[in-house]
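Colleague: One structure follows; several queries about it will come next.
The values are calculated or read from the model by the stated rules, or taken from the named source; none is laboratory data. Note that the structure is predicted; figures quoted are calculated from it, not measured. Cβ placement follows ideal geometry from the backbone for every residue including glycine, while neighbour counts extend to all protein chains displayed.
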Amino acid sequence: MSKLPPTIYRWASLTAALVLGSITLGGQTPQTGQTVFRSGTLVVPIDVRVLDNKGQPVRDLKAEDFTVLENGVKQDIRHFTALALTPEEAPDPNAPLRQALGGGTTITPQNRRLFLIILGRGRLQGPSKGLDAVLSFVRTRLLPQDLVAVMAWNRATDFSSAHERAATVIERFRTRHESIEVDLQLLYSGLSGLYAGRQIPRPIQIKIDDVFNVAEAGTREVVSTGGTDGARQAADRQLDVLQRKSEIEARAAAYRDFNTDLALGDLMSDTTMGSDFDSYVALSRQTLQDVGNVYAGVDYLRFIEGEKHILLVTENGFLLPSADHDRDVASLAADARVAIDTFQTGGVDTVMSGGFAVVRPQTGFALGALRTVSTLTGGQTSISERGTTAIDRLIHATEFGYLLGYAPKDADFDGKFRDIKVQVARKGLTLSFRRGYFAKPTEAFDPRRSIAMTRMVAAANFGGDVQDLKLTIKTSEIKVGARRSVTVDTTIPAERIVFARTASGPMAAISQAVLCLDASGRTVGEVWRTLNVRVAPENYDTVRKEGLKIPVTLDVTASPSMIRVIVYDYGSDLLGSTYMRKR
């Protein structure tokens, strides 16, 4: 038997939980500073950042200075910690992120921050020197123990304390992103931007992959659930853009009353109205991808321990169909205890009206959405200011803060969103904190299964394959009497799977979904399962060479036209999906 790769040891601490298939909430030894609540009690942690009128952190507040209200009802503060971050030795840069296994029953202060830097669509250097500022932030302003990852377009790096990996990706992005953006704008201009699918054409994808081609950065594909209301948002966005097109058509009809030679095509291509429509569609398309990446980031960070930030760098902001959608994004992030810091780099777009320069309505809406999302999640907002100023504000807001915790007095955890309000007795201070959460019961909480289900459902709804794990499948169909079944053999390349070391040999923890669909896209059979796949020591070399093979047989109500397979590996936190069409 060959020597096991280093990844097999990094994940060994999770072995016991994976073998049992469940997580024991009451059996943990409290860490230093950890507050443990009664088993089954929902705990609501709140990261509160307090700045004075000069933008400096306020460091001398006590627990009695704070008041916490939930849906207007005062709560008892059961945990209070003043957190001053101090440098410490950087952790293993290749160590996997630790999931919060407390199931919502513990609060543990952390001496680190997690920053997911989402580089949005558009040109991000701009007048603010946005990318220069972000690059300096990663290289010079992070603490050694802080973890950082970079996401752009449909790719992301792994979180790591090796900050230079992220810096190199940002540097490559800075020099290449404008060329890629030109290609994407040509692809998604006009009405094609409304109806084009989410798959990026291969020639453009090659350029994107090259930006992320950094040694040991651990690139993965980004797949978003679109949030809890993704379908509604997509429908509203399409209706919104079509309404804008109808307005232009009506104005074109008015013009034709005076000029019979002026056609709608002229308005859509050569006039201010056409330009406005194209820019409106382009900004909507950028928003579609940027918001999708925010949702994907929130899903990824939801069960990770520590103070968590998404730093969204955007040229123009979010053009969402309504304020309800702004709040939908913010509510999911706030529930996951993720602060969204927004950094707008493109200046403010204005037009002349009555001899005065005024902000375009769509620009005002897009920038207003950034403020809403940051405010409701406890993040910072920077609009049309120098990048160094924005980064300074972010550093001041996160270098010192307060961690509060309470057990809600209303124990009816019905899943509805509850508003949080934090007040301090001292006047003249600015507070940032998440403004609410979804009150969900904790008894059935299992973060591993929640993470797997979220990402697998996203992959099932995604139009193409996810190749972080490059799956191959073989299928066969059997009919005996009235019973029909399908056997699917899935092979997973072993080089990206993380095996745990157990007494009986290496083990991989895998979740798998097999979906059988008819020609109309209806499900005729499916299976969702979680497996602890043990490999006999004498077979390990073969598995490393030929891949991990997982067979499954499921009953179907009719012969399927397409079979889709999705696999999630807990150890590597990677996912793969593929499909086969049957002739």
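Colleague: Mind checking which residues of the range 48-65 are out of contact with any strand residue (DSSP E or B) (no Cβ under 6 Å at 6 or more places or on another chain) and of a type outside the set (Lys, Arg)?
Modeller: Scanning the range 48-65 gives Asp52, Asn53, Gly55, Gln56, Asp60, Leu61, Glu64.
Colleague: In the range 109-134, which residues are surrounded by 21 or more Cβ atoms within 10 Å (Cβ to Cβ) and part of a helix (DSSP H, G or I)?
Modeller: Gly130, Leu131, Ala133, Val134
Colleague: Among the residues that make up the range 32-46, is at least one of them part of a loop (DSSP other than H, G, I, E, B), modelled with pLDDT under 55 and closer than 30 Å to Val498 by Cα?
Modeller: Taking every residue of the range 32-46 in turn, at least one turns out to be part of a loop (DSSP other than H, G, I, E, B), modelled with pLDDT under 55 and closer than 30 Å to Val498 by Cα.
Colleague: Give the residues of the range 269-300 that are modelled with pLDDT of 80 or more and either surrounded by fewer than 23 Cβ atoms within 10 Å (Cβ to Cβ) or closer than 20 Å to Leu114 by Cβ (or both), sorted by residue number.
Modeller: If the condition is that a residue be modelled with pLDDT of 80 or more and either surrounded by fewer than 23 Cβ atoms within 10 Å (Cβ to Cβ) or closer than 20 Å to Leu114 by Cβ (or both), then Gln289, Asp290, Gly292, Asn293, Val294, Tyr295, Ala296, Gly297, Val298, Asp299, Tyr300 are the ones that fit.
Colleague: Can you say whether Arg141 is closer than 27 Å to Thr219 by Cβ and in contact with a strand residue (DSSP E or B) (Cβ under 9 Å, 6 or more places away or on another chain), as far as the supplied structure shows?
Modeller: So Arg141 does not fit the description; no.
Colleague: Further question: So, in the range 385-429, of the ones that are in contact with a Gly (Cβ under 6 Å, 6 or more places away or on another chain) and in a strand (DSSP E or B), which residue ends up surrounded by the most Cβ atoms within 10 Å (Cβ to Cβ)?
Modeller: Ile420
Colleague: Let me ask something additional. What strands (runs of 3 or more DSSP E) lie completely within the range 479-583 and have 3 or more residues being modelled with pLDDT of 90 or more?
Modeller: 483-492, 505-517, 523-534, 548-556, 562-569, 574-581
Colleague: Name the pairs: first residue in the range 336-353 and under 18 Å from Tyr300 (Cβ atoms), second residue modelled with pLDDT of 90 or more and of a type in the set (S, T, N, Q), Cβ to Cβ under 7 Å, at least 6 apart or on different chains?
Modeller: Once the first residue is under 18 Å from Tyr300 (Cβ atoms) and sits in the range 336-353, its partners that are modelled with pLDDT of 90 or more and of a type in the set (S, T, N, Q) give Val338/Thr377; Ala339/Thr377; Ile340/Ser374; Ile340/Thr377; Asp341/Ser374; Asp341/Gln380.
Colleague: Here's a follow-up. Restricting attention to the range 118-137, which residues are among the polar types (S, T, N, Q) and either touching a strand residue (DSSP E or B) at 6+ places or on another chain (Cβ under 9 Å) or over 16 Å from His163 (Cα atoms) (or both)?
Modeller: Those that are among the polar types (S, T, N, Q) and either touching a strand residue (DSSP E or B) at 6+ places or on another chain (Cβ under 9 Å) or over 16 Å from His163 (Cα atoms) (or both): Gln125, Ser128.
Colleague: Quick one: count up the residues across the range 536-581 that are charged (D, E, K, R), surrounded by 14 or more Cβ atoms within 10 Å (Cβ to Cβ) and within 17 Å of Val488 (Cβ to Cβ).
Modeller: Here the count works out to 2.
Colleague: While we're on this one: Which condition from (1) more than 28 Å from Gly218 (Cβ to Cβ); (2) outside any strand (DSSP E or B); (3) hydroxyl-bearing (Ser, Thr, Tyr) is the one that Thr475 breaks?
Modeller: Failed condition: (2).
Colleague: I'm trying to understand the selection: among the residues of the range 511-548, which are within 29 Å of Gly481 (Cβ to Cβ) and touching a helix residue (DSSP H, G or I) at 6+ places or on another chain (Cβ under 8 Å)?
Modeller: Within the range 511-548, Ala513, Leu515, Trp528 meet the criteria.
Colleague: I'm trying to understand the selection: among the residues of the range 489-515, which are in contact with a strand residue (DSSP E or B) (Cβ under 7 Å, 6 or more places away or on another chain), over 18 Å from Ser577 (Cβ atoms) and surrounded by fewer than 16 Cβ atoms within 10 Å (Cβ to Cβ)?
Modeller: Ser504
Colleague: Another question about this same structure. State which residue is modelled with the highest pLDDT when the search covers only the range 427-472 and only residues that are within 17 Å of Pro45 (Cβ to Cβ) and of a type in the set (A, V, I, L, M).
Modeller: Of everything passing the filter in the range 427-472, Leu431 is modelled with the highest pLDDT.
Colleague: I would also like to ask the following. Output the residues belonging to the range 301-321 that are in contact with a helix residue (DSSP H, G or I) (Cβ under 8 Å, 6 or more places away or on another chain) and modelled with pLDDT of 80 or more.
Modeller: Arg302, Glu307, Lys308, His309, Ile310, Leu311, Leu312, Val313, Thr314, Glu315, Asn316, Gly317
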